[in-house]
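Have a look at the structure below before the remarks.
The values are calculated or read from the model by the stated rules, or taken from the named source; none is laboratory data. Keep in mind that this is a model prediction, so the values were computed, not measured. No Cβ is skipped: glycine too gets one built from the backbone with ideal geometry, and neighbour counts run over all protein chains shown.
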């Protein structure tokens, strides 16, 4: 039986420009079950990036409740949120966000450093993840020695290394050519097949088509929330070991 890993109840988020209050999210209600594959879509200014930051515990709500794995994280401190982020959520960004002086392997292992793993354990786990994303032969290269697609694979290995329940990807193919984008999206399908809950923020229809469910935002509200009938009918069967 599936259970909700994410539940948003009447979420509002306001920002201030000087003394002027600007509403960005206006009463968002959303449930995402374990092992769902969801695309968040919407035009610039729709609130999708703000919503992703809240889902990823990078930002807090102005009003409402956010339950992550059954616990209300709406009112936690920055330090408490940082612990949850590192333990429960893996991030993949459009700009890769790799440390330039570190090798690919060291980048992939970074979340384990913050989690307190010793050097041997984090190296072993990071090697497993680098192998899983097809970069066993690039472990000791630095980011400037890798292609865009390889950098994103390192970022995906880093996102997976802590075995998080949720993977959040923000425009993960935005800096990649179309062929490499297909390869990365195939990798995400494998990750989903392996049991992760996957949430992708994108403005590209061809990327969102990989998801099983498409949630569209407009002016800070959910304008539609639909199953991707083609995908859910046919299913996926790829697997990362």
Practice problem: Would you check if there is a residue in the range 33-46 being modelled with pLDDT under 95 and over 23 Å from residue 205 (Cα atoms)? | Solution: yes
Self-check item: Count of residues meeting criterion [crowded, with 24+ Cβ neighbours inside 10 Å and either more than 23 Å from residue 115 (Cα to Cα) or at pLDDT below 90 (or both)] in the range 149-183
Solution: 2
Exercise. Scan the range 204-228 and report the pairs whose first residue is at positive phi and at pLDDT 90 or above and whose second residue is surrounded by 14 or more Cβ atoms within 10 Å (Cβ to Cβ) and part of a strand (DSSP E or B), with Cβ atoms within less than 6 Å and a gap of 6+ or a chain change.
Key: 220/24; 220/25; 220/26
Exercise. Mind telling me which of the residues 132, 109, 104, 136 ends up being modelled with pLDDT of 90 or more, within 23 Å of residue 189 (Cβ to Cβ) and within 19 Å of the chain's Cα centre (by Cα)?
Key: 132
Quiz item: Hey, any hits in the range 64-83 for a residue that's in contact with a helix residue (DSSP H, G or I) (Cβ under 7 Å, 6 or more places away or on another chain), under 15 Å from residue 217 (Cβ atoms) and surrounded by 17 or more Cβ atoms within 10 Å (Cβ to Cβ)?
Solution: no
Practice problem: From (1) over 23 Å from residue 42 (Cα atoms); (2) free of Cβ contacts under 8 Å to residues at least 12 places away in the same chain, pick out the condition that doesn't hold for residue 196. | Solution: (2)
